[in-house]
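The values are calculated or read from the model by the stated rules, or taken from the named source; none is laboratory data. As the structure is a prediction and not an experimental result, all values here were calculated from the model. Cβ coordinates were reconstructed from backbone atoms using ideal geometry, including for glycine residues, and neighbour counts include every protein chain displayed. Just the protein is used for accessible areas: all its heavy atoms, side chains included, with ligands, DNA and RNA removed. Shrake-Rupley method; radii C 1.70, N 1.55, O 1.52, S 1.80 Å.
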Amino acid sequence: MQIDLHTHSTASDGRLSPSDLVARAAEAGVEVLALTDHDGTDGLDEARQSAHDAGIRFINGIELSVTWNKRTVHIVGLNFNPDYAPLRAGIQSLQNFRERRAREMADKLEKSGIDGAYEGAKQFSGGKMLGRMHFANFLVDAGYAKNVRSVFKHYLVNNKPGHVTGDWATLEEAVGWITGAGGVAVIAHPARYKLTRTKLRKLIKDFISAGGQAMEVVSGSHDVNEMKTMACHADDFDLYASSGSDFHDPAFPWIKLGRLAALPPKCKPVWDLFL
Ligand code: AMP
Ligand code: MN
Ligand code: MN
Ligand code: MN
């Protein structure tokens, strides 16, 4: 069964509308799909309707931004009630931070000679939630860099002209909003944080203490070795294993929607909790 439990749409920093994303997933043979936009659930209704029409099983999803030990970590939520009031309030606070951060990013870029970044990024976000990807799209379009990868490297990461620090949700808050809403919390792309083994295991312990139940083992941003390592960690901590592409944009050829390796044999599939 083709299952993809980590994808993005124009409701955050993805390139396709929720319905176009679902159509593409259906074409790729995906049978179970979660839409997991950053810090918001605005795309879920459209995606659920399109998935219903296409005969795909749809799972409510979100990818929450968390600050843990001064680092940004992403926590995916699956199969939750999007109307749960504390989750709604949490999303609102994350969106408020995004707006403040976007204005600060534009101010900093202006100081380094790049005008109009706020309005430019807003055009790429369609007036919706602003993320670094929208700034990246603007900067590439305006000729400051040749592609999204290099624009991140030169402008949008720590110690670069468009980078702004600040606090997202705490790990306890994010996991609490998801589990309170009846969902399953999942550590997103754990290998991407480049944590030492000790720090990663500390993250997993803190996550479990907060009520987290799963981690991504198969991910579009994991190589085969990382997948194997993460399968061992999941096994050690008796966590469920998830699988998701982290698809954003058909123009990023290195990540394909619904083209994922099978979970390693010893893994407990997270979808056993809701399918
Ligand atoms: P934000 O949550 O607004 O800080 O933006 C984070 C998003 O930016 C991630 O979800 C990715 O979509 C994208 N991103 C982060 N780092 C990179 C990178 N080095 N290259 C391309 N995209 C990136
Ligand atoms: Mn993203
Ligand atoms: Mn992420
Ligand atoms: Mn993602």
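Distance between the C-alpha centres of the range 1-51 and the range 200-275: 18 Å, rounded to the whole angstrom. Distances over 25 Å make up what percent of all Cα-Cα pairs in the chain? When every Cα pair of the chain is considered, 44 percent fall beyond 25 Å.
Only Lys, Arg, Asp and Glu carry charge here, each on its Cβ (+1 for the first two, -1 for the last two); on that basis the range 144-197 has a dipole of about 560 debye about its Cα centre. Phi angles across the range 70-83 convert, under the Karplus curve 6.51 cos²θ - 1.76 cosθ + 1.60 with θ = phi - 60°, into 3J(HN,Hα) values of 6, 10, 8, 10, 10, 10, 7, x, 10, 6, 10, 8, x, 8 Hz, Gly and Pro given as x.
Can you give me the accessible area per residue for the range 145-275, using a 1.4 Å probe, in Å²?
Result: 47 Å² of accessible area for each residue.
Overall, the anisotropy analysis places the range 159-205 in the oblate class: the square-rooted eigenvalues a ≥ b ≥ c of its C-alpha gyration tensor yield a/c not less than 1.5, with a/b not exceeding b/c. By DSSP, the beta bridges lying fully in the chain are antiparallel in about 40 percent of cases.
Each of the peptides 188-199, 115-126, 43-54 was scored by the mean count of other Cβ atoms within 10 Å over its residues; in descending order, highest first, they stand as 43-54, 115-126, 188-199.
About its Cα centre, the dipole of the chain is roughly 1060 debye, where the only charges are +1 on Lys and Arg Cβ and -1 on Asp and Glu Cβ. The packing ranking of peptides 30-42, 246-258, highest mean first, is 30-42, 246-258, where packing means the average number of other beta carbon atoms within 10 angstrom of each residue.
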